[in-house]
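S.K.: Quick one: the structure is below, questions incoming.
The values are calculated or read from the model by the stated rules, or taken from the named source; none is laboratory data. Small disclaimer: the values here were computed from a predicted structure and weren't measured. Cβ atoms come from the backbone with ideal geometry, glycine included; neighbour counts cover every protein chain shown.
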């Protein structure tokens with residue numbers, strides 16, 4: 001396997017606060033990687049650094065072997081690296097179907113490509129993906145009207161519509177009805193196996209991440225604390241200490 | 001234009017005259033800007049009607065002097081009258097747009113600005129008005145630098161008013177409530193602060209500051225019905241440069257703007273002075289944005 | 001079904017536009033202004049309603065169109081219609097260029113900073129024009145006389161502006177049906193998200209402003225010729241009238257809808273023509289009051305209000 005994403009010694013400071021200190025991490029092509037850590041350990045900041053929202057203060061980020069740390073969000077997204085947010089972000093005043101249509105990869109093209117109606121094939125694919133996350137009957141509804149959990153699913157479907165090579169998910173199960181979580185895990189897995197999307201997932205729900213991820217990285221105080229398979233992480237004393245606040 | 005620029009550098013006393021007079025006028029800008037920063041910070045509204053409040057304050061003093069009162073008495077009266085006007089404006093319009101989308105409040109205050117500007121035009125006429133405070137002038141450097149005493153007084157009073165307000169916000173009960181509301185309105189409500197009243201008082205205080213600024217403006221300079229929007233834009237610019245919660249910064253930026261504007265008026269000609277104010281504001285916004293964009297992608 | 005409705009209204013409007021000058025010969029100039037207002041509202045809504053960038057400075061492009069036509073018709077030495085055609089073309093090109101330059105500088109600015117920044121842009125343009133001697137400074141410019149008789153002059157400008165308004169409407173209608181229209185909405189709803197999904201937002205925003213500026217530039221040249229005279233602050237860069245009306249009409253009709261701006265322009269213009277003369281000098285006071293009332297009590301506009309009503313009836317049934 002080759003590394004799809006390689007984070008090498010990334011440091012990010014906000015004023016005097018060091019949010020990430022020399023963080024290194026690899027995501028292999030085709031895997032589901034997990035990122036855990038107590039609140040404030042710098043997980044979301046790392047996502048921001050990778051996807052171009054924050055300028056990094058040091059270190060390198062390679063995507064498919066190419067450096068991307070100097071790029072802004074949009075060019076990074078066009079290379080196939082898409083993220084979702086913990087507080088979901090969707091287009092509130094557009095219908096679900098429109099949300100899907102504008103998330104398609106073709107929308108990355110130049111202006112001329114944009115000056116055409118949405119192709120029937122794109123609409124169909126959008127509908128299929130909405131069905132995949134169980135929102136097909138909501139397709140004509142305004143996205144802002146959906147419940148929080150449904151918005152989360154819509155955001156996930158929009159990300160898939162973009163045909164990313166790597167998808168960064170920030171707490172996909174937070175705020176979702178516990179009875180629906182198993183269904184969501186199943187969908188994340190299917191996105192990985194059937195659609196071939198590599199995933200890097202931030203998750204607080206230990207049951208979910210231990211079930212889902214092939215490999216897990218644990219951050220604490222902005223540094224990488226531990227790395228390994230779910231079983232190794234589960235048995236790592238330091239991880240437990242970090243969560244209990246002893247570290 | 002080039003001649004004026006050369007003159008400016010070849011004959012330093014002239015430059016000193018232009019810059020000092022600008023600095024003194026700048027105190028009035030700082031006063032209005034301080035009010036805008038207050039409303040912006042507490043109500044989260046960009047008060048486009050700011051300049052019209054200044055102009056109205058000026059008219060209050062003008063009318064008082066017309067009816068035979070001494071000019072300097074106009075200052076406190078203008079402030080008090082405008083305090084009431086501000087309170088009325090808050091109760092009539094502003095409280096309805098406080099929690100709404102920022103564009104709604106901008107457009108609503110913009111509508112108020114047109115309304116007051118045109119009312120002033122109908123009620124007071126479109127003539128340029130000024131009031132002679134009869135204080136004479138200070139002559140320096142053998143008469144090349146002329147500073148009207150009223151400008152110096154205006155400068156001092158503006159600083160005093162700023163200081164009083166600052167002390168009020170620090171130490172008075174209401175001032176503390178205002179600051180608490182600015183930081184977190186929900187928490188302030190939970191703690192039993194009547195935020196609606198705080199908003200009303202803040203807006204009225206801002207109007208009083210504008211009234212004082214307008215009173216000084218009519219004595220030290222001139223007013224007419226259409227001079228309001230430039231005051232709004234000056235205040236906006238000063239707040240953008242200095243930041244919402246920075247008293248010293250607002251005063252420094254206000255004074256600087258006064259000097260810069262006066263120098264620009266001298267160099268480009270008075271007919272371009274207003275154009276300069278607006279163009280400078282656009283330039284500041286563009287520069288600020290470009291800087292922020294660079295920060296987001298430091299290597300590009 | 002709504003699609004059929006659309007076509008019906010468009011056909012009715014086209015008929016009205018063609019027949020009205022003959023049926024209402026006393027109102028031809030007012031009709032011409034009506035079509036101008038439609039262009040104003042539609043072009044404002046492309047940014048304000050569709051893209052969420054509330055501009056107070058669109059009047060700049062109108063003013064550029066005014067001055068481009070006036071200066072060219074004065075200096076080019078061409079016969080009237082050739083001069084007018086050249087003036088309109090150059091006005092449109094200059095307006096688009098201005099939109100590209102201002103867009104690159106200003107469209108990165110968000111929210112109230114953008115609104116106030118564009119307000120400054122509009123006023124600065126008016127102030128510069130009124131100090132610039134080449135374009136007549138404060139006293140403005142007169143346009144060459146129309147060669148035909150008075151009646152044909154009115155007809156000419158009425159139909160030209162009608163054609164422009166129709167073209168503008170059809171362009172908007174087409175654009176909003178494409179992915180570009182969706183991209184504008186996406187930028188309005190969450191620009192950071194649109195960026196993070198790979199959309200070329202800067203390019204999209206500048207293009208939208210350019211389309212807006214294109215129609216405003218042409219409308220400026222036509223309006224200047226129709227009025228016969230341009231004053232820097234009261235005609236070309238008339239921020240306090242035309243500039244505010246643009247915003248008001250779009251909001252009154254319903255921001256971000258296809259028909260809202262058209263409806264808003266009709267309602268506003270007709271109301272204005274009916275009642276304005278009775279206000280005897282209080283027109284601008286009334287305008288200020290109208291803005292406050294509409295913005296505070298009716299921000300959703302007529303189309304938004306209709307949609308709310310339909311929805312309420314839907315849930316009640």
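S.K.: Which one of C:281, C:256, C:198 is outside any helix (DSSP H, G or I) and surrounded by fewer than 20 Cβ atoms within 10 Å (Cβ to Cβ)?
M.R.: The unique qualifying residue is C:281.
S.K.: Still on this model: When you scan the range C:267-291, how many residues do you find that are more than 10 Å from chain B (Cβ to nearest Cβ) and under 20 Å from residue B:226 (Cβ atoms)?
M.R.: 1
S.K.: Please state which one of C:33, C:16, C:22, C:40 is within 18 Å of the chain's Cα centre (by Cα), more than 29 Å from residue C:201 (Cβ to Cβ) and part of a helix (DSSP H, G or I).
M.R.: C:33
S.K.: Here's another thing I want to ask about it. Being within 12 Å of chain C (Cβ to nearest Cβ) and more than 28 Å from residue B:6 (Cβ to Cβ) is true for just one of B:228, B:214, B:192. Which residue is that?
M.R.: Just one listed residue meets the conditions, B:228.
S.K.: Now for a separate question. Could you list, in sequence order, the residues of the range B:99-123 that are within 11 Å of chain C (Cβ to nearest Cβ) and outside any helix (DSSP H, G or I)?
M.R.: If the condition is that a residue be within 11 Å of chain C (Cβ to nearest Cβ) and outside any helix (DSSP H, G or I), then B:100, B:101 are the ones that fit.
S.K.: Here is a check on your reading of the model: is residue A:107 more than 14 Å from chain B (Cβ to nearest Cβ), in contact (Cβ under 8 Å) with a residue 12 or more places away in the chain and closer than 19 Å to residue C:191 by Cα?
M.R.: Working: more than 14 Å from chain B (Cβ to nearest Cβ): yes; in contact (Cβ under 8 Å) with a residue 12 or more places away in the chain: no; closer than 19 Å to residue C:191 by Cα: yes.
No, not satisfied.
S.K.: With C:89, C:98 as the choices, which residue is assigned to a helix (DSSP H, G or I), surrounded by fewer than 23 Cβ atoms within 10 Å (Cβ to Cβ) and within 14 Å of another protein chain (Cβ to nearest Cβ)?
M.R.: C:98 is the lone residue from the list that is assigned to a helix (DSSP H, G or I), surrounded by fewer than 23 Cβ atoms within 10 Å (Cβ to Cβ) and within 14 Å of another protein chain (Cβ to nearest Cβ).
S.K.: Residue A:115 is checked against (1) without any contact (Cβ under 8 Å) to a residue 40 or more places away in the chain; (2) in contact with a strand residue (DSSP E or B) (Cβ under 7 Å, 6 or more places away or on another chain); (3) farther than 23 Å from residue A:201 by Cα and fails just one. What number does that condition carry?
M.R.: The failed condition is (2).
S.K.: For residue A:27, state whether it is within 18 Å of residue C:184 (Cα to Cα) and either not in a loop (DSSP other than H, G, I, E, B) or not assigned by TED's automatic domain parsing to the domain that holds residue A:156 (or both).
M.R.: In short, no.
S.K.: Does residue B:126 count as surrounded by fewer than 20 Cβ atoms within 10 Å (Cβ to Cβ), within 14 Å of chain C (Cβ to nearest Cβ) and out of contact with any strand residue (DSSP E or B) (no Cβ under 8 Å at 6 or more places or on another chain)?
M.R.: For residue B:126, the condition - surrounded by fewer than 20 Cβ atoms within 10 Å (Cβ to Cβ), within 14 Å of chain C (Cβ to nearest Cβ) and out of contact with any strand residue (DSSP E or B) (no Cβ under 8 Å at 6 or more places or on another chain) - is met.
S.K.: Further, regarding this structure: Of all residues being in a loop (DSSP other than H, G, I, E, B) and modelled with pLDDT under 90 in the range A:89-114, which is surrounded by the most Cβ atoms within 10 Å (Cβ to Cβ)? Just the residue, please.
M.R.: Step by step, filter the range A:89-114, then rank; the result is A:109.
S.K.: Answer yes or no as to whether residue B:94 is within 7 Å of another protein chain (Cβ to nearest Cβ) and assigned to a helix (DSSP H, G or I). First the steps, then the outcome.
M.R.: Working: within 7 Å of another protein chain (Cβ to nearest Cβ): no; assigned to a helix (DSSP H, G or I): yes.
When the stated conditions are applied, residue B:94 does not pass them.
S.K.: Does residue B:114 qualify as being under 21 Å from the mean Cα position of the chain (by Cα) and touching a residue at least 40 places away in the same chain (Cβ under 8 Å)?
M.R.: Spelling it out, it is not the case that residue B:114 is under 21 Å from the mean Cα position of the chain (by Cα) and touching a residue at least 40 places away in the same chain (Cβ under 8 Å).
S.K.: Quick check on the range C:212-226. Is at least one of its residues in a loop (DSSP other than H, G, I, E, B) and either crowded, with 22+ Cβ neighbours inside 10 Å or modelled with pLDDT under 90 (or both)?
M.R.: Quick first cut of the range C:212-226, residues in a loop (DSSP other than H, G, I, E, B) only: none.
Taking every residue of the range C:212-226 in turn, none turns out to be in a loop (DSSP other than H, G, I, E, B) and either crowded, with 22+ Cβ neighbours inside 10 Å or modelled with pLDDT under 90 (or both).
S.K.: If you don't mind, another one. For the range C:155-178, indicate whether the set of residues that are under 22 Å from residue C:42 (Cβ atoms), facing chain A (nearest Cβ under 7 Å) and surrounded by fewer than 18 Cβ atoms within 10 Å (Cβ to Cβ) is non-empty.
M.R.: For the range C:155-178, residues under 22 Å from residue C:42 (Cβ atoms), facing chain A (nearest Cβ under 7 Å) and surrounded by fewer than 18 Cβ atoms within 10 Å (Cβ to Cβ): present.
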